[in-house]
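Notes to accompany the following structure.
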Amino acid sequence: MNSSNFSMEIPLSTEDSELDINLVYEKYIPEKFLIPKVLKTILYIFGFPGNILACLLWLQKPMLHSSGCYLAALAVSDVIFLIMSLMYDLTLYWKVKILDFPTICQLFPCLYLSVQYLSPLLTLAFTVERFISIRFPFKRRIYCNIKRAVCVILTLVVISLGVAGIQIYFWHYDYHSEKCVNKLELAYLSEKWTWITECVMFMFVPGLILFFNILLVVTMRNSSRRAQELYGPMPPKQRTATTKMLLVVSFVLIFTTIPVSIVYSLNEKFPVGSANSIDNISNDVTWQRHLNFVLTQEVIYDLGLIHYACNFYLYLLTGKRFRLAIKKYFQKLSVMRLVDFRDRSSRSLRSSFTELRSMS
């Protein structure tokens, strides 16, 4: 899952570990470190400005409705994830010491995983809200309003932090090795808890999103048929643009998350080989199967992160109102800059005129 990279890499560093598995990867599959450097750099280049712009636009008054609240919260969550992912990448791939410090060592896994849990939960929330809006239009004012959306968002934040909060007890800073490591006595519990929570968040929740998406599509088709029966071949146009845009966003999350979850669940099928055969890896079947799997897993994981960076561009492609909103937003900015420039110019001219009068 989206946290699989974290739970896949770090737990191998335990207090009694004699083998640094990352050194093995660097020697025999250096592509494992090159691929994420390239793909994630592209991800950050497009993800940061896109998510920041999306958040600003969804909080503008014409776009600020219940669905806009969820999408703004999703953009904020994605920005936080990209920041924390960058910190993790700097530590793992670029060897910059950022996370191996007391306190940060315990807090980082909790926050890093919680923002990843929040993404599918928010997607599920606005999918359910959109289904209620289409299927039960007379209850829209009760369940689909800004106040309720804010309450749901805050509840989901608490749930995400609560589920990931136990990670604080699984990690500690080892002063001897000066590294952040799993507590040896809690290694089994940590592995099982992470496996259960990731199955729920990245398989069960996307499954629910898919279920509600199917219900939503069926409901929209039935509504369209009823409209044709009532109004003939030229029924009045329905406002389904936002619904279609949200469907695209949620389907992208499903199709990028579930493959990563499946690959992560296969970890135990491809264990590391024996440390005694480390010098003869090329002829060791167990090691070769493990290395091939890890490389494939890395590629699928990196591609699975796309949904953290592409939502803004999906809005542009599928949302006409969003395109108009961003056009007006930049026009407004340009007008404000022009007015500010004219004000400064006029103040400068007045001050110069005043100086000339005083001199005369």
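In the full protein context, segment 17-92 carries 43 Å² of accessible surface per residue, based on a 1.4 Å probe and ignoring ligands, DNA and RNA.
Distant-in-sequence amide contacts of residue 172, defined by a placed amide H-H separation under 5 Å and a gap of 5 or more residues or a different chain, comprise 181, 183. To put it simply, the accessible area of segment 153-197 at a 1.4 Å probe is 70 percent carbon and sulfur. Starting from the Cα of residue 98, step 7 Å toward the Cβ, then list every residue of segment 17-52 with an amide N under 18 Å from that point. Label zone hits: 33-52. Cross-link partners of residue 244 among lysines, defined as those whose alpha carbon lies under 23 angstrom from its own and excluding same-chain residues fewer than eight positions apart: 61, 139, 320, 327, 328.
The packing ranking of peptides 179-188, 112-121, highest mean first, is 112-121, 179-188, where packing means the average number of other beta carbon atoms within 10 angstrom of each residue. Listed by chain and number, the lysines whose alpha-carbon sits under 22 Å from that of residue 37, ignoring those within fewer than 8 places in the same chain, are 27, 95, 97.
With a 1.4 Å probe and every protein chain left in place, work out the accessible area per residue of segment 164-210 in Å², rounded to a whole number. List each step's numbers first, then the result.
Working: 2570 Å² over 47 residues.
In whole numbers, segment 164-210 has 55 Å² accessible per residue.
Sorting 311-321, 124-134, 146-156 by their mean Cβ neighbour count within 10 Å, with the most densely packed peptide first, gives 124-134, 311-321, 146-156.
Ranked by the mean number of other Cβ atoms within 10 Å per residue, highest first, peptides 57-66, 198-207 order as 198-207, 57-66.
The values are calculated or read from the model by the stated rules, or taken from the named source; none is laboratory data. Owing to the predicted nature of the structure, the values given are computational and were not obtained by experimental measurement. In this analysis, Cβ positions are derived from the backbone assuming ideal geometry, glycine residues included, and neighbour counts consider all displayed protein chains. Heads up: the accessible areas ignore ligands, DNA and RNA and are worked out on the full protein's heavy atoms, side chains in. Shrake-Rupley method; radii C 1.70, N 1.55, O 1.52, S 1.80 Å.
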